[in-house]
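Here it is, the structure in full.
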Amino acid sequence: MLLSRRNFFKILGAAGASTALPAGSAQAWSSKAPDDPYGCLVDLTRCVGCRKCEEECARVNELPAPERPNCQCTIFEKNRRPDDDAFTVVNRYFTGRIDNFNKPVPTYAKVQCMHCQDPACVSACIVGALTKDETGAVRYNKDKCIGCRYCMVACPFEIPAYEYDDPITPKVMKCTFCYDRISKDGGLPGCAGICPTEAITFGKRSTLLKVGKKRVKENPGIYLDHIYGEKEVGGTSWMYLSSVPFKKVKLPGLPETPSPKLSETIHHSLFSYLWSPIALFGVLAAFMSRTKKEADNPDNKGGV
Amino acid sequence: MKAAPLNKKFWTPGVLVMLCFMIAGAIAILGRFTGGIGYVTNLSNARPWGLWVGVDVATGVALAAGGFTTAALAHIFGRHHYESVTRPALLTAALGYTFVVLGLLVDIGRSWAIWKPMFNWNFNSVLFEVAMCVMIYLNVLYIEFLPIVAEQFKDRVNLPGMLSSLNSLVNWILKTGDAILNKTMWIFIILGVVLSCMHQSSLGSLMLVAPTKLHPLWYTPLLPLMFLASAIAVGYPMVIFETTIATSSFKLDPEMDILTPLTRFTIYLLGFYLLIKTGDMIYRKTWVYLLDGTYQTNSFLVEMICGIALPWVMLLFNRVRQSRTGIFIAACLIIGGVVLNRVNVFIVGYKPPISEGTYFPAVGEMLVTFGLIATLMFIYRIAVTFLPVLPGSREVNV
């Protein structure tokens, strides 16, 4: 009895020591963002809502042609979201601005995957089917995907769409950043190449930030002093300039902390090197051997 | 006191009702695998998880916690008094996890690819850890159940017709397995508890990756602790619930001498859960939402008051603890509270930041869920009828 108890505390002590070590040395979370990714800067003051980007996106990515491609009025009556047939859509917003003739001025905003620097979807994906590439593109590999849709739950921009009508081989559908094109020298994403008003500027993210800040500075009173995507969820490859508050064009207000930071920090401090399960196993085994010895001890028979 | 197969009629009206639900569920599943997930569900791009994840998976895992909590109590902490409830709890856990996996197979888009996480590891993914634990734990549960099968059929294997030539082989497997497990069972018992603690808590971590999408009443860094605490707290109430249903439907001894002392643990376990939930609400000042009248807040209030506080207060009274009806009602409230918590975290409290519109499960989704639950109950009934699970010798003749 005495021996078993001493033994028990010995095991408990060992387990305790093993828990203290890795917990103390658990590494702080660090960003896994690529050093010098590409990006796009969307200038909402330049967009005229021609929807050429939608058409070109569909062509390049072999998606069905957009609904009424030449329509620039009734199509905007309902707000649309990217879906399994369209990686990008343009919406029209009336934000309260009026022109000299007292007519409301529309603002057009294109939506697509933001290609986050530290994407929640990549952190969440159970099989690593989503990856953040050096180019900045968040890429999807259908051959690994099991269809759990955790990426869709995780995405703060509600971007990944699902082929809900495919019973056997549905895919997650989202903007590819035209990876096959931008990974080649001089390649542009379909939408950025076609835009007639140069509302979409493609380039290195660091350069685009400079361009954006310069544009804000040189046009006083036009732009908000805020590049959407510079800091949102730790930064995104796609960024926006606007003269109207971003919330009014359905670009949600987001914290500057990368979405995966908290969950990865908690998860890794609990389970790195499996220290906690191993420690728990040790403690429970110690308990079990102690109670077993007590039960085997004739003096303790029946005393449960 | 020894567990024994039931000697009861199998086909009762209740069983036939279960059969109807099973058939309806099977038709809905057929629809899902011919027309796609969108054909039978109200899921959308903004609402990718619904009833199947919230109930079939998250709630299923939580309510199967009776398996590891009773095993820990009786086998690890040596309270052998409670051994008679470990077998039914183990059966429920084994069936519960089997149906979690079946529910997942219906819910995930590429069911045939469910094996892929075994070879494609993403250590940053909370879901990866959950999947690995659930997969291993399901096998551990089957292993823990094997001695019960062996006890019934050892040296009595009598397969029908063509299969009879396999009799001696099956018998040999049963006997060898049983002999090996006799020596090594302690490993599986502890492993079961460890794996349960891991994935029960990690199920709570799932939503931490979406800080802007879960209502602040539920979004807290303590979510994993809360999921673990509630799973442990609901373990014994599940045992009370099942035992009361089983003993009254099969007219067996109500086992109050075991259930009443079990509720004393529940006071502490549920009290701890209530404490961290309340403390977290005060610390993060989320009580400011409590009276805003939205359906999320109301759902939170029902969860906290009817699902945790009320049954906790009930169990403080000796009169309730001694009453079969009293503990059954308390157990139902606690179970309801945990079910509602999982539904709240995965469905009610989930608000897509951009899209509008709410989600309510489609008839097809409900048919699948009810069908799976009915099948689970059906197999439970088969198992207790033919295997030594419930304490049979104390049967009461009415």
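The values are calculated or read from the model by the stated rules, or taken from the named source; none is laboratory data. Every value quoted in this text rests on a predicted model; they were computed, and no experiment measured them. Please note: Cβ atoms are built from the backbone with ideal geometry, for glycine as well, and neighbour counts cover all protein chains shown.
Within the bounds of region B:198-208, is there any residue that is in a helix (DSSP H, G or I), within 11 Å of chain A (Cβ to nearest Cβ) and surrounded by fewer than 19 Cβ atoms within 10 Å (Cβ to Cβ)?
no
May I ask you to list the residues in region B:46-56 that are in contact (Cβ under 8 Å) with a residue 40 or more places away in the chain and either crowded, with 21+ Cβ neighbours inside 10 Å or more than 10 Å from chain A (Cβ to nearest Cβ) (or both)?
B:Arg47, B:Trp49, B:Gly50, B:Leu51, B:Trp52, B:Val53, B:Gly54, B:Val55, B:Asp56
Can I ask one more? What are the pairs with Cβ atoms under 7 angstrom where one residue, in region A:144-157, is more than 7 Å from every other protein chain (Cβ to nearest Cβ) and the other, located anywhere, is in a loop (DSSP other than H, G, I, E, B) and modelled with pLDDT of 95 or more? Sequence gap at least six, or different chains.
Final answer for the pair search is A:Cys151/A:Cys125; A:Cys151/A:Pro160; A:Phe157/A:Met114.
Could you list, in sequence order, all residues of region B:149-197 that are among the β-branched types (Val, Ile, Thr), free of Cβ contacts under 8 Å to residues at least 12 places away in the same chain and surrounded by 13 or more Cβ atoms within 10 Å (Cβ to Cβ)?
B:Ile173, B:Ile187, B:Val194
Tell me, please, whether a residue that is away from chain A (no Cβ under 12 Å), touching a Ser or Thr at 6+ places or on another chain (Cβ under 6 Å) and in a helix (DSSP H, G or I) can be found in region B:22-35.
Among the residues of region B:22-35, at least one is away from chain A (no Cβ under 12 Å), touching a Ser or Thr at 6+ places or on another chain (Cβ under 6 Å) and in a helix (DSSP H, G or I), which makes the answer yes.
Kindly establish whether B:Tyr137 is without any contact (Cβ under 8 Å) to a residue 60 or more places away in the chain, more than 26 Å from A:Ser30 (Cα to Cα) and part of a helix (DSSP H, G or I).
So B:Tyr137 does not fit the description; no.
Quick check on region A:119-126. Is at least one of its residues in contact with a Ser or Thr (Cβ under 7 Å, 6 or more places away or on another chain), assigned to a loop (DSSP other than H, G, I, E, B), at the interface with chain B (Cβ under 9 Å from one of its Cβ atoms) and crowded, with 23+ Cβ neighbours inside 10 Å?
Looking through region A:119-126, at least one residue is in contact with a Ser or Thr (Cβ under 7 Å, 6 or more places away or on another chain), assigned to a loop (DSSP other than H, G, I, E, B), at the interface with chain B (Cβ under 9 Å from one of its Cβ atoms) and crowded, with 23+ Cβ neighbours inside 10 Å.
Go through region B:112-127 and report how many residues are within 24 Å of A:Asp166 (Cβ to Cβ), at the interface with chain A (Cβ under 7 Å from one of its Cβ atoms) and not in a loop (DSSP other than H, G, I, E, B).
Within region B:112-127, residues that are within 24 Å of A:Asp166 (Cβ to Cβ), at the interface with chain A (Cβ under 7 Å from one of its Cβ atoms) and not in a loop (DSSP other than H, G, I, E, B) number 4.
Still on this structure, I have one more. Going by the structure shown, is B:Arg342 surrounded by fewer than 22 Cβ atoms within 10 Å (Cβ to Cβ), in contact (Cβ under 8 Å) with a residue 60 or more places away in the chain and among the basic types (Lys, Arg)?
no
Residues to consider are A:Arg139, A:Arg181; find the one that is surrounded by fewer than 23 Cβ atoms within 10 Å (Cβ to Cβ), over 16 Å from the mean Cα position of the chain (by Cα) and on the phi < 0 side of the Ramachandran plot.
Of the residues listed, the single one that is surrounded by fewer than 23 Cβ atoms within 10 Å (Cβ to Cβ), over 16 Å from the mean Cα position of the chain (by Cα) and on the phi < 0 side of the Ramachandran plot is A:Arg181.
(1) in a helix (DSSP H, G or I); (2) at pLDDT 90 or above: which one isn't true of B:Leu169, the others all being true?
(2)
OK, next. Within the set of pairs 6 or more residues apart or between chains, which connect a residue that is free of Cβ contacts under 8 Å to residues at least 12 places away in the same chain inside region A:106-132 to a residue that is surrounded by fewer than 24 Cβ atoms within 10 Å (Cβ to Cβ) and in a loop (DSSP other than H, G, I, E, B) with Cβ atoms less than 8 Å apart?
Partner pairs satisfying both residue conditions: A:Thr131/A:Asn141.
Before we move on, is A:His267 without any contact (Cβ under 8 Å) to a residue 60 or more places away in the chain, buried (at least 17 other Cβ atoms within 10 Å of the Cβ) and touching a helix residue (DSSP H, G or I) at 6+ places or on another chain (Cβ under 8 Å)?
Yes.
Pairs only if they're at least six apart or on different chains, beta carbon under 8 angstrom, first in region B:69-84 and more than 10 Å from chain A (Cβ to nearest Cβ), second not in a helix (DSSP H, G or I); list them, first residue then second.
B:Leu73/B:Arg79; B:Ser84/B:Met1; B:Ser84/B:Ala3; B:Ser84/B:Glu255; B:Ser84/B:Pro391
Return yes or no: is B:Ile327 in contact with a Lys or Arg (Cβ under 7 Å, 6 or more places away or on another chain) and in a helix (DSSP H, G or I)?
yes
Of (1) more than 8 Å from every other protein chain (Cβ to nearest Cβ); (2) surrounded by fewer than 22 Cβ atoms within 10 Å (Cβ to Cβ); (3) not acidic (Asp, Glu), B:Gly103 satisfies all except one. Which?
So B:Gly103 meets the others, but not (2).
A further question on this structure: Is it the case that region B:173-190 has a residue that's assigned to a loop (DSSP other than H, G, I, E, B), at the interface with chain A (Cβ under 10 Å from one of its Cβ atoms) and of a type outside the set (Gly, Ala, Ser)?
Within region B:173-190, none of the residues are assigned to a loop (DSSP other than H, G, I, E, B), at the interface with chain A (Cβ under 10 Å from one of its Cβ atoms) and of a type outside the set (Gly, Ala, Ser).
Checking B:Trp312 against (1) at pLDDT 95 or above; (2) within 22 Å of B:Asp56 (Cα to Cα), only one condition comes out false. Which one?
Going through (1) at pLDDT 95 or above; (2) within 22 Å of B:Asp56 (Cα to Cα) one by one, B:Trp312 breaks only (2).
Another one. Condition first: closer than 18 Å to A:Val233 by Cα, among the hydrophobic types (A, V, I, L, M, F, W, C) and either in contact with a helix residue (DSSP H, G or I) (Cβ under 7 Å, 6 or more places away or on another chain) or free of Cβ contacts under 8 Å to residues at least 24 places away in the same chain (or both). Can you find one or more residues in region A:172-193 that meet it?
no
On to the next question. Among the residues of region A:133-143, write down those that are touching a residue at least 40 places away in the same chain (Cβ under 8 Å) and in a loop (DSSP other than H, G, I, E, B).
A:Asp133, A:Glu134, A:Thr135, A:Gly136, A:Ala137
With the structure loaded, tell me whether A:Cys113 is more than 12 Å from chain B (Cβ to nearest Cβ), crowded, with 16+ Cβ neighbours inside 10 Å, under 28 Å from the mean Cα position of the chain (by Cα) and under 26 Å from A:Asp165 (Cα atoms) or whether it fails that test.
yes
So, one more: Among the residues of region B:213-230, are any in contact (Cβ under 8 Å) with a residue 12 or more places away in the chain, in a helix (DSSP H, G or I), among the hydroxyl-bearing types (Ser, Thr, Tyr) and within 25 Å of B:Pro353 (Cβ to Cβ)?
So far as region B:213-230 goes, no, none of its residues is in contact (Cβ under 8 Å) with a residue 12 or more places away in the chain, in a helix (DSSP H, G or I), among the hydroxyl-bearing types (Ser, Thr, Tyr) and within 25 Å of B:Pro353 (Cβ to Cβ).
Next question. If we keep just the residues of region B:231-246 that are touching a residue at least 12 places away in the same chain (Cβ under 8 Å) and among the β-branched types (Val, Ile, Thr), which is farthest from A:Lys261 (Cα to Cα)?
Out of the qualifying residues, it is B:Thr244.
Separate question: Regarding region A:281-290, can at least one residue be identified that is more than 9 Å from chain B (Cβ to nearest Cβ), at pLDDT below 90, more than 27 Å from A:Gly136 (Cα to Cα) and surrounded by fewer than 18 Cβ atoms within 10 Å (Cβ to Cβ)?
Looking for residues that are more than 9 Å from chain B (Cβ to nearest Cβ), at pLDDT below 90, more than 27 Å from A:Gly136 (Cα to Cα) and surrounded by fewer than 18 Cβ atoms within 10 Å (Cβ to Cβ), one finds none in region A:281-290, hence no.
B:Leu146: part of a helix (DSSP H, G or I), without any contact (Cβ under 8 Å) to a residue 60 or more places away in the chain and closer than 24 Å to B:Pro388 by Cα, yes or no?
Against the criterion (part of a helix (DSSP H, G or I), without any contact (Cβ under 8 Å) to a residue 60 or more places away in the chain and closer than 24 Å to B:Pro388 by Cα), B:Leu146 qualifies.
For residues that are at the interface with another protein chain (Cβ under 7 Å from one of its Cβ atoms) and in a loop (DSSP other than H, G, I, E, B), scanning just region B:36-45, find the one that is farthest from B:Val100 (Cα to Cα).
B:Asn45
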